[in-house]
Amino acid sequence: MQVTTLCLGALVFGDATGYEINKMFEDGPFSHFLDASYGSIYPALTRLTDEGLVTCKAEPQDRRPDKKIYSLTEKGRLKLRDALQQPIADDKFRSEFLFTLLFAHLLPRDRVRGMVDARLAAMKKKLAELAHPDEEDTPGMDFARQYGHAVYSASIDFLENNRHLIEEIATEEEAHV
């Protein structure tokens, strides 16, 4: 999905600065779905402004450059709706954890156990975060939260019930190549 579409989607929830939009992708409501960085967000906001899909208001700040606050226009809302009607790409699952486990036969068993333990702890933390809706959640956000909760629950169950399979192929000695 294009970063311009991601920015339009972020602005549906209200006016925001580029920094605030970036935070939505780093640790906010969009952090579970897609990536967008400062390096892509700011040029996208400039293009959207030039095309009349968003407006930009400069707000003065003491001893700092003006804060640029972006707002979605009606034309931008329609463009977002059109973009959301397009066919969507298949999900891509990327995991350094799974990549590393491809080579479990080269790793010491303690390293593999530690990786699985750390992954389980991180997933359980994320599961707890997804357990309850926020008051500001839209119905779509609540559905996505529940979907994420189901995915994390299934992943935790799989790791807990099958960790022995990957731990057994690890070596007893230090890593060797």
- line: Taking region 122-134 and keeping only residues that are open to solvent by 60 Å² or more (accessible area, probe 1.4 Å) and either part of a helix (DSSP H, G or I) or at pLDDT 95 or above (or both), one is left with LYS124, LYS125, ALA128, GLU129
- line: Scanning region 14-50 residue by residue, those without any contact (Cβ under 8 Å) to a residue 24 or more places away in the chain and not in a helix (DSSP H, G or I) turn out to be GLY14, ASP27, GLY28, SER31, ASP35, SER37
field: Scope region 94-114; condition assigned to a loop (DSSP other than H, G, I, E, B) and either open to solvent by less than 40 Å² (accessible area, probe 1.4 Å) or not aliphatic (A, V, I, L, M) (or both); matching residues
entry: ARG94, SER95, PHE103, LEU107
- prompt: Which is modelled with pLDDT of 95 or more, surrounded by 12 or more Cβ atoms within 10 Å (Cβ to Cβ) and charged (D, E, K, R), of ASP117, ASP137, ASP142?
  reply: ASP117
task: Give me the pairs, please: first residue somewhere in region 65-91 and within 22 Å of LEU34 (Cβ to Cβ) and in contact (Cβ under 8 Å) with a residue 12 or more places away in the chain, second residue anywhere and open to solvent by 100 Å² or more (accessible area, probe 1.4 Å) and among the hydrophobic types (A, V, I, L, M, F, W, C), beta-carbon distance under 9 Å, and either six or more positions apart or on two chains.
output: ALA83/MET1; ILE88/MET1; ALA89/MET1
- prompt: In region 67-77, what residues are outside any strand (DSSP E or B) and either open to solvent by less than 80 Å² (accessible area, probe 1.4 Å) or farther than 14 Å from LEU6 by Cα (or both)?
  reply: THR73, GLU74, LYS75, GLY76
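The values are calculated or read from the model by the stated rules, or taken from the named source; none is laboratory data. Computed from a prediction, not measured in an experiment: that's the story for all the values here. As a convention, Cβ positions derive from the backbone with ideal geometry for all residues, glycine included, and neighbour counts pool all protein chains shown. For accessibility, only protein heavy atoms count, side chains too; no ligands or nucleic acids. Shrake-Rupley method; radii C 1.70, N 1.55, O 1.52, S 1.80 Å.
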